[in-house]
Structure formats: structure tokens, C-alpha cells
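These notes are about the structure you will find just below.
Bear in mind these aren't lab numbers, they're just calculated from the coordinates by the rules spelled out. Every value quoted in this text rests on a predicted model; they were computed, and no experiment measured them. Note that we place each Cβ from the backbone using ideal geometry, even for glycine, and neighbour counts take in every protein chain shown.
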């Protein structure tokens with residue numbers, strides 16, 4: 001088990017406990033909701049484990065052949081780690097945005113957005129098909145950046161902490177949320193991203209750093225965050241929330257015309 005996986009499991013347990021103690025919204029049937037999300041996450045974890053050797057191969061190929069930005073610039077380990085951390089997070093912003101813009105990718109990514117509730121387990125609710133495509137795309141980015149395996153593990157370890165936190169149902173004090181928002185994506189931003197209003201779904205794509213959304217004009221907040229309705233306006237029924245149904249969701253007939261959030265907000 002990798003270090004980022006261990007960190008993620010420990011953080012998930014701690015956050016899930018905190019959500020029961022200090023919830024931002026009253027939660028009903030938390031255990032069933034979490035079990036369903038984790039059931040889908042287990043299928044995605046299998047795909048992640050099968051594609052992990054490809055990521056390792058990409059980092060080894062980059063090191064052996066001198067391919068990638070870090071090798072071309074001749075940076076030391078610390079400089080390279082900082083550069084690739086920031087640029088890989090920029091890539092994650094771009095990939096997330098593509099998942100909302102391109103209909104094929106959105107068919108897979110909408111599985112994540114059809115959760116009618118939102119807590120730390122939502123951070124792991126991804127279709128295995130999305131995990132596969134993401135891993136293949138990441139291999140190319142690792143080669144382009146010249147990112148080492150250690151740097152990738154560092155990024156993933158910090159990333160999993162942030163995404164679990166910003167999906168969580170913890171009642172974060174407003175002053176703390178605002179201070180965190182200056183650097184990382186806090187719950188206030190990501191809850192807007194999970195809104196069923198297309199213009200809001202089509203915002204706040206950041207993974208770790210919040211400044212990408214400000215830089216690229218996709219930053220958005222709500223003055224009444226407690227009124228946000230989660231989901232995409234479809235597939236919210238209880239029968240859609242079973243893991244096997246979620247696995248089939250990308251192939252299911254779409255109620256109404258299939259539109260990405262970007263198309264729906266135009």
C-alpha cells in the first residue's frame with residue numbers, strides 16, 4: 001500500500017468522524033451514503049492499481065532518457081519538486097475543466113456529480129473509466145514535466161488531503177475558510193462546484209491551489225452556501241446511487257438532451 005493511500009485512509013476516517021460531530025449540514029443515513037460511495041471507489045481503486053505501473057514507467061523513462069522540463073532546465077531536486085508540483089496541479093485544473101467541457105469525458109465525470117449529498121466519501125466517488133483515462137493522460141504529463149516518482153507521491157499525498165477536506169461536510173468557520181481560500185480550495189469553493197446550477201457546476205475546478213480559478217476566470221462563491229442543492233438535476237433518486245447503477249450510468253439513456261455543464265450555462 002502506497003504512502004498516499006495510507007494518508008488518504010487515515011484522513012478519510014478522521015474527517016468522517018468530524019462530519020458526525022461538526023456537520024455543515026444535517027446528514028441522514030451517513031453510513032449507507034458512505035458505503036455506496038466507497039463501493040464505487042473500490043472498483044476505481046482496482047483500475048488505479050492496474051495503471052500504477054504505467055505511471056512508474058513514465059517517471060523511470062523520463063529519468064533514464066532525460067525527457068521533460070525538469071531535466072532540460074537542470075534544476076535541483078527541490079526546485080524541480082516545487083516546479084512540477086505547481087505545474088502538475090495546473091494540469092489537474094485543465095483536466096478537470098476538460099471533464100466538464102467534453103461530452104465523452106462528462107459522461108464519466110457526471111458520476112461524481114450525481115451525489116445528492118456531499119461529504120468526504122464523495123471525494124472518492126469516481127467512475128473507473130475516468131480513473132483509467134486520467135492515468136493514461138497523466139503518463140504523458142509526467143514525461144513532459146520530467147517528474148520523478150517521489151515528486152508524484154508527494155503531490156498525490158497532499159492532493160488527497162485537500163480533496164477529502166474540500167468535499168467534506170465539516171462546518172468550517174468562515175474566517176478560517178476565507179484564509180485557506182487564499183491558497184488552497186476549501187469547502188466553500190467546492191460546494192459551489194457541486195451545485196445543480198450549471199453555471200456553478202461550471203466553476204471552481206481547482207484541485208489543490210485555488211488561484212487557478214481566479215487566474216482563468218472560473219472562480220465563484222455563493223452568499224448562501226446552505227441553500228446549494230447538490231447534483232446535476234438528474235440521477236438523484238435513491239435507485240441511481242447504488243454502485244452497480246453508477247457503473248452503468250455513463251451508458252444509460254440520458255433524461256433530456258445530453259449537455260455538459262458548459263453547454264447548459266450558455
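Remarks
- Residue satisfying condition, being farther than 30 Å from residue 20 by Cβ, in a helix (DSSP H, G or I) and touching a strand residue (DSSP E or B) at 6+ places or on another chain (Cβ under 8 Å), within set 141, 56, 153, 86: 86
- Conditions (1) under 19 Å from residue 43 (Cα atoms); (2) crowded, with 18+ Cβ neighbours inside 10 Å; (3) out of contact with any strand residue (DSSP E or B) (no Cβ under 8 Å at 6 or more places or on another chain): number failed by residue 186: (1)
- Only listed residue being crowded, with 21+ Cβ neighbours inside 10 Å and either within 30 Å of residue 222 (Cβ to Cβ) or in contact (Cβ under 8 Å) with a residue 12 or more places away in the chain (or both), chosen from 159, 92: 92
- Failed criterion for residue 78 (all others in (1) under 30 Å from residue 245 (Cβ atoms); (2) surrounded by fewer than 16 Cβ atoms within 10 Å (Cβ to Cβ) hold): (1)
- Checking each residue in segment 13-53 for being surrounded by 15 or more Cβ atoms within 10 Å (Cβ to Cβ) and not in a helix (DSSP H, G or I) picks out 23, 24, 25, 27.
- Only residues that are closer than 21 Å to residue 90 by Cβ, assigned to a loop (DSSP other than H, G, I, E, B) and in contact with a helix residue (DSSP H, G or I) (Cβ under 6 Å, 6 or more places away or on another chain) were counted in segment 160-196, giving 2.
- Count of segment 196-253 residues, restricted to those that are without any contact (Cβ under 8 Å) to a residue 24 or more places away in the chain, at positive phi and buried (at least 18 other Cβ atoms within 10 Å of the Cβ), is 1.
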